[in-house]
Amino acid sequence: MFTAPQIRVDWRASFDLTGQILFYLSVPLAFPLVLAVYYGEPLLPFLGAIAVTLGLGWGLDFVGDPEANLGPREAFLAVAVIWFLVAAVGAIPFVLAGTGTTASPVNAMFEAMSGLTTTGGTVFREFSVYSNSLLMWRQLIQWLGGLGILILVTAVFSSVGVGGAQLMETETQTQDVSKLTPKISETARLIWGLYVAITGLAVAVYYALGLSGLAPNMDLYNAIAHAFTSVATAGFSPEPQSAAAFAPIAQWALIPFMLVGSTNFILLYLFIQGEPMRLLQNEEFHFYLGTVGFFGTIVTAILVINPDIAFSSEATIRHALFNVTSIVTTTGYASTDYTLWSAAGQHMIFVCMFFGGMVGSTTCSIKSLRWLVAFKSLRRSLYTSIHPEAIRPVRISGNSVDEQTIRDIYGYLLLSIILVFMLTIFVVVDAARFQSLQVSEFDAMGAAASTFLNIGPAFGAAGPFGTYDIFPTSTKVVMIVLMWIGRIEIIPVLVLFTKSFWTS
Amino acid sequence: MRVVIIGAGEVGTSIAANLAGDHDVVVVETDAARAERLKFDLDVLSIHGDGTSLEIQEEAEVDTADMFIASTDNDRTNLVACGTAKTLGDPFTIARTKSVEYLRTWERKHGAFGADHIICSDLLTAENMVRVIGLPSALDLDPFAGGLVHMAEFEINEGSPVAGQKVVEADRFDSLTFAGLFRGEQLLIPDGSTVIEANDRAVVIGRPESVQSFATDIAPGHTLDDATDIVITGGSQIGYHTARLLEERGLKPRLIEANQERARELAEDLPNTVVMQHDATDTDFLEREHVDEADILVAAMNSDERNLLIAVLAKRIGVDRVVAVVDNTEYVTLFEEIGIDVAINPRNVTAEEITRFSYENIAENLTVLENDQAEVFELELDADSSMVGKTLEELDSELEGQFVFGAITRNSSFITPRGDTRLKAGDHIVVFVETSFADGFMSSV
């Protein structure tokens, strides 16, 4: 083993954990393998992926050191590396299957990263060339990524008990991982148990709609596939038409599960454990539901006055509410092609991308809590400009937020907006190299926000029924990186590129 | 009754002085010189030593004591002393604490720390403060009979509509008794024809609503509502609790505290208070924030000098009513002479409260007025009391001293005392008595 005294990160601790996780990644891979056997489809993609993940896991475990201490820096490193490598392993079955656009490694990586980060933007052009098992793998990755891999890891390995809280905080960038129980692994288990239970309920509801004939094409396969990606607010669908492929009643049924998936799971747990007021009186919850209600109403109004749209009144409300919910919760399903709406409607959908659900949920994007803190702090600034001596803590649900957290939130908002802006410019400039490619600024902005904020569909050719395959490879590579950065909330990746992370 | 008092500071000494007349009092004090001096000042036994030590407590014969009062300035010493006392015998233990924390713990389980009662001086002072500012123009206000009865002392100002009226005209309320009038140094027991003069201090006893209405009568337009602008200067524990209690009444006070960290802490704990971090003696700041237009200013800083400064400043820039916390007992009169409306001394408040508890078991509640010229008692009448079965008129002619029946409560309901009201066993009576006659009155019960 080489020793590098100037490196102050105990990377062997991070590698050991990464190795173990990759090792266990073979367990979920067995699910599509079983499906492949059932449908009589090629087994190679999954057997190959299992072999690679076992090998990689074993190798990292070998260089890793189980005795090494997992501190904050090691947690940053582990989180960044794990999310990247799990996506890489997730891409292997696409490459090995060799069908459709994802035969190319970059496209496969895009699809896997978009899956794991619960973005839900696809590079598929033709869905029919894919096997059922591969399409289900795509859904399963989203479900695994939905609540966060490291919460799952903490739930499974009691051994990461001490570092577990560190990992969960790093993964979600929430200051306080509220422990429900004294042991963090027990808390993680409760949350995952709840996640599994809600997913199970979603399967039952969707399948019941299918069985009853209300949504005939919602068979067990589709029920499971959509339960995975609705509760995970992820957005992939084995159907090229996404939610539009199903009956209106099925679309209505998807809405509550997207909403629940974007609700803080700790508060949900307390809700069913007899402390409903903790959730119902939570200000972030009000803000989040308010966002959905506000934009749902506005989009309904826009659809009503839009001359090109001739929906029935039920359909108008359904399409407005469904698509707003889908975008605000960062799911990314579509019940209709909103790129056909007027500019006003499309711009409203664009604005919705920046909200997100509650912290501690499966949602992505900026999240309601950050906006709420930022708005309240701005309102306070107005007050203190008249009364400079007044001390006014920003309060959320009665608890005051400390000033350092407020500064961090401002920093996060600024960084997010800068990254979206930079990616927009990059998409436009990169596309300009090709004569055939027409990317408007709005389309580029949409694609940038949608990938970085992990939403999924964008506008123009990359709309809900479109594909990201139109973008050049270089753009796709940058998007892969930004989906990765966005999902683990920027900081864990960016710190890896600072000198002081490694040496001071 | 044998009473052991730990600590001969202002509080302990004041309690000892109140009790020494009728009871056997033992005072334990760590300061040798002070312990020595106490022997001569008061008719008590004083022991030099640590009140928490078993040995000293044995020497003080705590095992045979009926009451044990821990009144040092240190919370933990007081609690440990009570705990120790409970290992020796079973006196009724009273601990004085500053921190509300210990009181909250004790409220969870009475008897915690070996204390049978805890008196929290900061909270008590704040409660007092809120009562006084809750009734503008009241110099003093105390609840009796579990809050069914209020006793208040008011100063009648020059412009008051009541000045120049006869008592019978001023007292429009059925459930209000005019107990006494202080005119200069003199105590008057008024009857219906007594004329109220400006600068009199009137003591009334009655239902809380009547007392409130009377307050409005004597100083119209000065009652507390949610538009009342209250400014508290100083984020001491007393300042904090005052703000908190005002918040509980639905008011939105302003609090000025100079220390940044303390201000932040207060702002976090007081969601309905506007906390400002600045030096409260800066006139520019006070003008900018329109403190001169405030209805009430509470000076609750940790230093008497600063409280005096801010109180005088506030009066000068035109605040209607200024109430101040005064730590040094000797300054109380000085403050009020300078023109500060009410000066509240935490030690006096505490000593008064402890004395109430330690008074002979029939006396349940007590307020001392005007430098001990008069007292207001609350008594529960036993079946064998000589007063039971008599009307108030009969008692009036029987007893020689100066006293007034202020209020009677029977089965937790208020009865207005009239000449023909006949007392029954179990009645609570609230009586206003001239101090020199207090013992005489007690013995006839």
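The values are calculated or read from the model by the stated rules, or taken from the named source; none is laboratory data. No experiment lies behind these values; they were computed from the predicted model shown. Positions of Cβ are generated from backbone atoms using ideal geometry, with glycine treated the same way; all protein chains shown enter the neighbour counts.
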Just to be sure I understand, how many residues within segment B:20-55 are within 16 Å of B:Thr93 (Cβ to Cβ) and of a type in the set (A, V, I, L, M)? 5
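With the structure loaded, tell me whether A:Ala108 is in contact with a Ser or Thr (Cβ under 7 Å, 6 or more places away or on another chain), surrounded by 21 or more Cβ atoms within 10 Å (Cβ to Cβ), modelled with pLDDT of 90 or more and not charged (D, E, K, R) or whether it fails that test. Full working, then the answer.
Details: in contact with a Ser or Thr (Cβ under 7 Å, 6 or more places away or on another chain): yes; surrounded by 21 or more Cβ atoms within 10 Å (Cβ to Cβ): yes; modelled with pLDDT of 90 or more: yes; not charged (D, E, K, R): yes.
Answer is yes for this residue.
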Looking at A:Val428, A:Val420, which is the one that is free of Cβ contacts under 8 Å to residues at least 24 places away in the same chain and either over 27 Å from A:Ser114 (Cα atoms) or away from chain B (no Cβ under 14 Å) (or both)? A:Val428
Test each condition in (1) more than 25 Å from the chain's Cα centre (by Cα); (2) closer than 23 Å to A:Ile488 by Cα; (3) among the aliphatic types (A, V, I, L, M) for A:Leu77 and report the one that comes out false. (1)
Any hit, segment B:138-150, residues being surrounded by 22 or more Cβ atoms within 10 Å (Cβ to Cβ) and either of a type in the set (Val, Ile, Thr) or in the same structural domain as B:Ala8 (by TED's automatic domain parsing) (or both): yes
Unmet criterion (only one of (1) assigned to a helix (DSSP H, G or I); (2) within 21 Å of B:Arg347 (Cβ to Cβ)) for B:Lys39: (2)
Let me spell it out: the conditions are (1) more than 13 Å from every other protein chain (Cβ to nearest Cβ); (2) in contact (Cβ under 8 Å) with a residue 12 or more places away in the chain, and A:Leu378 meets all of them except one. Which number is the exception? (2)
Go through segment A:11-43 and give me each residue that's within 17 Å of A:Leu496 (Cα to Cα) and touching a Leu at 6+ places or on another chain (Cβ under 8 Å). A:Trp11, A:Ala13, A:Ser14, A:Phe15, A:Thr18
Within segment B:190-205, is even one residue more than 21 Å from B:Phe432 (Cβ to Cβ) and buried (at least 19 other Cβ atoms within 10 Å of the Cβ)? no
What are the pairs with Cβ atoms under 6 angstrom where one residue, in segment B:292-303, is farther than 14 Å from B:Met129 by Cα and the other, located anywhere, is among the hydroxyl-bearing types (Ser, Thr, Tyr) and part of a loop (DSSP other than H, G, I, E, B)? Sequence gap at least six, or different chains. B:Asp295/B:Thr228; B:Asn302/B:Ser236
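Matching residues to (1) more than 19 Å from B:Glu289 (Cα to Cα); (2) of a type outside the set (Val, Ile, Thr); (3) touching a residue at least 12 places away in the same chain (Cβ under 8 Å):
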position: A:Leu382; (1), (2), (3): no, yes, no
position: A:Arg395; (1), (2), (3): yes, yes, yes
position: A:Ser400; (1), (2), (3): yes, yes, no
position: A:Tyr410; (1), (2), (3): yes, yes, yes
position: A:Leu413; (1), (2), (3): yes, yes, yes
Residues of segment B:376-425 satisfying the condition of being over 29 Å from the mean Cα position of the chain (by Cα), of a type outside the set (S, T, N, Q) and assigned to a strand (DSSP E or B): B:Arg422
By residue number, the members of segment B:363-422 that are of a type in the set (A, V, I, L, M, F, W, C) and in contact with a His (Cβ under 9 Å, 6 or more places away or on another chain) are B:Leu379, B:Leu381, B:Ala407, B:Ile408
Which residue out of A:Asp402, A:Asp443, A:Asp408 is within 14 Å of chain B (Cβ to nearest Cβ) and not aliphatic (A, V, I, L, M)? A:Asp402
Per the list (1) in contact with a Phe, Trp or Tyr (Cβ under 9 Å, 6 or more places away or on another chain); (2) within 13 Å of another protein chain (Cβ to nearest Cβ); (3) hydrophobic (A, V, I, L, M, F, W, C), residue check on A:Ile391 breaks on (1)
Check off (1) surrounded by fewer than 23 Cβ atoms within 10 Å (Cβ to Cβ); (2) in a loop (DSSP other than H, G, I, E, B); (3) on the phi < 0 side of the Ramachandran plot for B:Thr216 and give me the number that stays unchecked. (2)
Within segment A:32-44, can one find any residue that is surrounded by fewer than 20 Cβ atoms within 10 Å (Cβ to Cβ), in contact (Cβ under 8 Å) with a residue 60 or more places away in the chain, of a type outside the set (A, V, I, L, M) and in a loop (DSSP other than H, G, I, E, B)? yes
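Regarding segment A:360-377, can at least one residue be identified that is assigned to a loop (DSSP other than H, G, I, E, B), surrounded by fewer than 20 Cβ atoms within 10 Å (Cβ to Cβ) and more than 13 Å from the chain's Cα centre (by Cα)? If you could, list the steps in order and put the result at the bottom.
Step one: filter segment A:360-377 for residues assigned to a loop (DSSP other than H, G, I, E, B), giving A:360-367.
If we keep only those that are surrounded by fewer than 20 Cβ atoms within 10 Å (Cβ to Cβ) as well, we get none.
Looking through segment A:360-377, none of the residues is assigned to a loop (DSSP other than H, G, I, E, B), surrounded by fewer than 20 Cβ atoms within 10 Å (Cβ to Cβ) and more than 13 Å from the chain's Cα centre (by Cα).
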Let me spell it out: the conditions are (1) in contact with a Leu (Cβ under 8 Å, 6 or more places away or on another chain); (2) outside any helix (DSSP H, G or I); (3) in the same structural domain as B:Asp140 (by TED's automatic domain parsing), and B:Thr177 meets all of them except one. Which number is the exception? (1)
Selection from segment B:37-73 of residues surrounded by fewer than 16 Cβ atoms within 10 Å (Cβ to Cβ) and within 20 Å of B:Thr105 (Cα to Cα) yields B:Asp73
Of the candidates B:Thr125, B:Thr105, B:Thr87, the one satisfying the condition of being free of Cβ contacts under 8 Å to residues at least 12 places away in the same chain and part of a helix (DSSP H, G or I) is B:Thr105
Hits in segment A:378-394 - residues which are in a helix (DSSP H, G or I) and touching a strand residue (DSSP E or B) at 6+ places or on another chain (Cβ under 7 Å): A:Arg380, A:Tyr383, A:Thr384
When both residues are 6+ apart or on different chains and their Cβ atoms are under 9 Å apart, which pairs have a first residue that lies in segment B:159-182 and is farther than 21 Å from B:Glu370 by Cβ, and a second that is basic (Lys, Arg) and assigned to a loop (DSSP other than H, G, I, E, B)? B:Phe173/B:Arg207; B:Asp174/B:Arg207; B:Ser175/B:Arg207
Residues of segment B:252-310 that turn out to be more than 9 Å from chain A (Cβ to nearest Cβ) and assigned to a loop (DSSP other than H, G, I, E, B), as a count: 18
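Filter segment B:247-281 for residues that are of a type in the set (D, E, K, R), crowded, with 20+ Cβ neighbours inside 10 Å and under 25 Å from the mean Cα position of the chain (by Cα) and give the result.
At the first step, the residues of segment B:247-281 found to be of a type in the set (D, E, K, R) are B:247-249, B:252, B:254, B:257, B:261-262, B:264-265, B:268-269, B:279.
Still in the running and crowded, with 20+ Cβ neighbours inside 10 Å: B:254, B:257.
Within segment B:247-281, B:Arg254 is the sole residue that qualifies.
Within segment A:49-65, how many residues are among the small types (Gly, Ala, Ser), closer than 13 Å to A:Ile92 by Cα and within 26 Å of the chain's Cα centre (by Cα)? Show your work before the answer.
Let us first name the residues in segment A:49-65 that are among the small types (Gly, Ala, Ser), namely A:49, A:51, A:55, A:57, A:59, A:64.
When the remaining residues are screened for being closer than 13 Å to A:Ile92 by Cα, the result is A:49, A:51.
Next, from what is left, pick out any that are within 26 Å of the chain's Cα centre (by Cα): A:49.
The qualifying residues number 1.
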Considering segment B:315-339, residues that are over 18 Å from the mean Cα position of the chain (by Cα) and part of a loop (DSSP other than H, G, I, E, B), and then whichever is farthest from B:Asp229 (Cα to Cα), we arrive at B:Gly339
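What do you reckon, is A:Phe257 under 21 Å from A:Ile191 (Cβ atoms), at pLDDT 90 or above, among the aromatic types (Phe, Trp, Tyr) and surrounded by 22 or more Cβ atoms within 10 Å (Cβ to Cβ)? Break it down into steps so the answer makes sense when it comes.
Working: under 21 Å from A:Ile191 (Cβ atoms): yes; at pLDDT 90 or above: yes; among the aromatic types (Phe, Trp, Tyr): yes; surrounded by 22 or more Cβ atoms within 10 Å (Cβ to Cβ): yes.
Judged against the criteria, A:Phe257 is a match.
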